[in-house]
1. With θ taken as phi - 60° and the coefficients 6.51, -1.76 and 1.60, list the Karplus ³J(HN,Hα) couplings across segment 16-23 in order, rounded to whole Hz; mark glycine and proline as x.
2. Just grab the label-to-label distance for Glu13 and Val32, each label 7 Å out from Cα along the Cβ direction, in nm (one decimal).
3. Convert each backbone phi in segment 60-74 into a coupling constant with the Karplus relation 6.51 cos²θ - 1.76 cosθ + 1.60 (shift: θ = phi - 60°), then list the ³J(HN,Hα) values in order as whole Hz, x for Gly and Pro.
4. Taking 0.36 nm per intervening residue step and subtracting the Cα-Cα distance, what contour gain separates Thr25 from Thr46 on full extension?
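Since every read-out is calculated from the coordinates, none of them should be taken as a lab result. A quick note: this is a predicted structure, and the numbers were derived from the prediction, not measured. Virtual Cβ from ideal backbone geometry, glycine too; neighbours counted across all protein chains shown.
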Amino acid sequence: MAGPEGDGDGDGEYVVEDARRARWTATAAGAVLTPAGLAASLPRLTGSPPALVPAPYAPGAAVCALGALPGARGRTRRALWLLIAGVMVMAVGDQSD
């Protein structure tokens, strides 16, 4: 039975490469979604809608930023769920707009 490193035929390289790719993807997604959420809140803050309309964007962006941290440390499942939660919070803000 093969372990997490593979069966000795060089598969361990792929496991390490896949893990590295997952960490970079989670970190990059958090780094992209955070300024996107903040940028989406800025026009709504300067406009005339009520203050509650842009309110979900900043916390959603903060949750996405928090999702980038465990992603960089290799906790990609936690990072994925935090990114999903952050985007869902921002989507609530978009629906109330």
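1. The phi angles translate into 5, 5, 5, 5, 5, 5, 5, 5 Hz.
2. Distance between label points: 2.8 nm.
3. x, 5, 5, 5, 5, 5, 5, x, 6, 5, x, x, 6, 8, x
4. 4.3 nm
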